[in-house]
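Participant: Quick one: structure below, then a few questions.
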Amino acid sequence: MLVRIISSIVLFPVLFGLVYYGGLPLKIGTIFVSIIGMYEFYKAIYKKIMPIHYLGFIFALIYLLLLNVINIELEALVLSGFLLVSLIFMVFNHKSISIFDISLTFFSVFYIPVMFSGIYLITNLQDGKYTVWLPFICAWACDTGAYFTGITLGKHKLTPELSPKKTIEGAIGGILFSSVFCGIYGIYVGNKDIHIFENSVTTIICFILIGIIGSIFAQFGDLTASATKRRFNIKDYGNLIPGHGGILDRFDSVIFTAGICYIILKILEYLTYNDIVTNLEIVMLYSRF
């Protein structure tokens, strides 16, 4: 436990600094986490790095380097090109590479770099310097709430085959903790000049909603990692972070919350841009009279 605490104390300032400064430092951090995460994923399943995996590394790097440099259509072409090149690679190496290997390599790029890049993409949204913290709040508040609620009130197992210690009560506690902490953060952000949301009340409500949805996905992220580790009979993905395991062990929930928070914030930005949120607020206001 002491090693775990010390690792957290060392890791947190680094993570905070990268997210706070954003831009190139955050992109470099995103690349580092993604590539190491993919390496751990391949090693967990194959116990070694195969030639096809290098294609995964290359295209993940290309995708991450081009974030916000090219539009989404061209990024889609990059990923489509990755699939085509992988299939051609399989044709020339059909004795050692199967469609399973291609599918898993292709999946790993979406599962780790694409989803985790939501953190960087959020910083490029309007007022992203505030909303970028939501994925972390969702994941870590949920994890903390689920742990303490589970050990004090937990009686009914959630998924005993995947994670014997997780309980339904803990899962509910995680959702409540996440929504409360996101709501508190919404109160703080509501006093800032935020343009995505029309006023502080809307900001708080939206942040609570993100906290609820994000915490649900955070738990699915954790369970996804547990299912993979049980399927391939490993305890941790790696040992890069003492007391925590590997990158994927530490960021399994954040990978999911990064993706879902970016999607929600992007939808809210679109609704606000098209005055849909404003019109709904006017309707709600007049419905009181």
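Values in this text are rule-based calculations from the coordinates and carry no lab data. None of these values were measured; they are calculated from a predicted model. As a convention, Cβ positions derive from the backbone with ideal geometry for all residues, glycine included, and neighbour counts pool all protein chains shown.
Participant: What's the extension gain from VAL201 to VAL14 if we count 0.36 nm per residue and subtract their Cα-Cα distance?
Facilitator: 64.1 nm
Participant: Let me ask something additional. Tell me the Rg and the Dmax, in Å, that the Cα atoms of segment 97-184 produce.
Facilitator: Expressed in Å, the Cα Rg and Dmax of segment 97-184 come to 17.3, 51.
Participant: Could you put ARG230, ARG250 in order, starting from the residue whose Cβ has the fewest other Cβ atoms within 10 Å?
Facilitator: Ordered from fewest to most neighbouring Cβ atoms within 10 Å, ARG230, ARG250 come out as ARG230, ARG250.
Participant: Say each of ASN191 and HIS94 gets a label point 7 Å from the Cα, pointing the same way as Cα to Cβ; how far apart are those two points in nm?
Facilitator: 6.7 nm
Participant: Kindly state, as a whole number, the per residue volume in cubic angstrom of the convex hull around the alpha carbon atoms of segment 2-287.
Facilitator: 147 Å³
Participant: Moving to a separate point now. When the chain is modelled as a GNM with alpha-carbon springs shorter than 10 Å, which of ILE28, ILE184, ILE99 fluctuates the most?
Facilitator: Result: ILE99 has the largest fluctuation of those listed.
Participant: Compute a Gaussian network model of the chain, connecting alpha carbons closer than 10 Å, and tell me which residue from PHE57, PHE12, PHE197 fluctuates the most.
Facilitator: In the Gaussian network model the winner is PHE12.
Participant: Let me confirm the definition first: pairs of Lys residues in segment 2-287, 8 or more apart or on different chains, C-alpha distance under 20 Å. How many are there?
Facilitator: Eligible lysine pairs with Cα atoms under 20 Å apart amount to 22.
Participant: So if we plug the beta-carbon distance of ILE184 and ILE151 into 1/(1 + (r/R0)^6) with R0 = 25 Å, what FRET efficiency do we get, rounded to 0.05?
Facilitator: Efficiency for this residue pair is about 0.60.
Participant: Could you please state, rounded to a whole Å, how far the C-alpha centre of segment 168-189 is from the C-alpha centre of segment 112-148?
Facilitator: So the separation of the two Cα centres works out to 13 Å.
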